[in-house]
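Have a look at the structure that comes next, please.
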Amino acid sequence: MTLKKLFIALCATPLLVGCTGSKTSQDTFEDLPDSLKGAPLQLSENVVNDMIQNISSPVEMANQIKNSGAGFDQSVLNSADKMKDYDTSFKRALNLGAYSADLGYINTFNKNTVVVSYLLAVKELADGLNVGQFLDFNTLSRLAKNSTNLDSLKLLSVSSFNEMDRYLRQQNRSNVSTAIVAGAWVEGIYITCKVIEQTNDKELVNRLGEQKDIVNILLIILNNYRQDANFANLVARVDGLKKIYDEVKVTTEFGEPVTKEVDGMLIIEQNAITTVDISPEQVSQIIEQVKNIRQFIVE
């Protein structure tokens, strides 16, 4: 499996939306000093970025769900109405990520009638985190309503998200970026788990098993902020998921590179075959723990 960049994946959905005005959070999460101080593991920004770039794409998962033949099921999404319940920066960041994964799922199935309510929910969360200034809600909303504009939507979202992430890191708020990433990944895997329960699709089961390396990467990043009680609670749950994945065997065999021409450019691709050895019992355990983590995020 080729792991996609989560930042690009998130931006392939209308991840965030811009707006005027803001509702400033009064809790301390967004005002924490540099979260790396006193952390158990010192990680440079480049190292964290490299790890985040290897976290699997919730949009990629949504495409796989659609390819499995499963239909759109709005009940698996985090209700947009719950947005008003997220009154701390930690919850806002987690669910900003969760709603971005929901939007990826919605857009994959071209459910334009649903997308606006989720864009509005994300708008409020972005405002609450004081990052809405980087995003153009009106333009994103217009593009999201027309499936022929998805390329333009992706390009605009990539630029907006990169600016937001850069700003958060410059303001010593990389913990906020990390929470957004965690929320997006968990929501994407949760949706996948719900479809597996309904269809037992073999390809989706394999994709679920392949998340073993992703869980390890995510846990390393989250551990860097565990001196904060909110992150400590999330770490404990993700660590429980890691323990289940420790028993799953994932092997990758690399073949000879293939050279081909694409649009006049010479491209070298690395062939790889990934084999997943995962039992039905392990699948069930993973699903239950993912539900536990997701409940912590959206409650």
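Go through the residues of the stretch 111-128 one by one and say whether even a single one is modelled with pLDDT under 85, out of contact with any Gly (no Cβ under 8 Å at 6 or more places or on another chain) and not in a helix (DSSP H, G or I).
yes
Can I ask one more? Checking Asn146 against (1) polar (S, T, N, Q); (2) modelled with pLDDT of 85 or more; (3) open to solvent by 10 Å² or more (accessible area, probe 1.4 Å), which test does it fail?
(2)
Within the set of pairs 6 or more residues apart or between chains, which connect a residue that is closer than 18 Å to Lys291 by Cβ and in contact (Cβ under 8 Å) with a residue 12 or more places away in the chain inside the stretch 196-207 to a residue that is of a type in the set (A, V, I, L, M) and in a loop (DSSP other than H, G, I, E, B) with Cβ atoms less than 7 Å apart?
Sorted first by the residue in the stretch 196-207, then by its partner, the pairs are Gln198/Ala70; Thr199/Ala70; Val205/Ile278.
If you scan the stretch 254-276, which residues turn out to be over 23 Å from the mean Cα position of the chain (by Cα) and touching a residue at least 60 places away in the same chain (Cβ under 8 Å)?
Matches in the stretch 254-276: Ala272 only.
Something else now. Taking the condition of being basic (Lys, Arg), more than 11 Å from Lys212 (Cβ to Cβ) and open to solvent by less than 80 Å² (accessible area, probe 1.4 Å), how many residues in the stretch 233-268 meet it?
We begin by selecting, within the stretch 233-268, every residue basic (Lys, Arg); these are 237, 242-243, 249, 260.
Checking the rest, the ones that are also more than 11 Å from Lys212 (Cβ to Cβ) come to 237, 243, 260.
Still in the list and also open to solvent by less than 80 Å² (accessible area, probe 1.4 Å): 237.
Number satisfying all stated conditions: 1.
Follow-up question, since we're still on this one. Looking only at the stretch 203-213, filter to residues that are surrounded by 19 or more Cβ atoms within 10 Å (Cβ to Cβ) and under 15 Å from Gly240 (Cα atoms); which one of those is farthest from the chain's Cα centre (by Cα)?
Lys212
Right, another one. Which residue out of Asn230, Asn200, Asn271, Asn224 is of a type outside the set (Asp, Glu) and open to solvent by less than 50 Å² (accessible area, probe 1.4 Å)?
The match here is Asn224.
Restricting attention to the stretch 88-100, which residues are at pLDDT 85 or above and either among the hydrophobic types (A, V, I, L, M, F, W, C) or in a helix (DSSP H, G or I) (or both)?
Residues of the stretch 88-100 that are at pLDDT 85 or above, as a first pass: 88-99.
Listed by number, the residues that qualify are Ser89, Phe90, Lys91, Arg92, Ala93, Leu94, Asn95, Leu96, Gly97, Ala98, Tyr99.
The values are calculated or read from the model by the stated rules, or taken from the named source; none is laboratory data. Because the structure is a prediction, the values reported are computed rather than measured. Using ideal geometry, Cβ is built from the backbone for each residue, glycine included, and neighbour counts are taken over all protein chains shown. Each accessible area value is taken on the protein alone, full model and side chains, heavy atoms only, with ligands, DNA and RNA left out. Shrake-Rupley method; radii C 1.70, N 1.55, O 1.52, S 1.80 Å.
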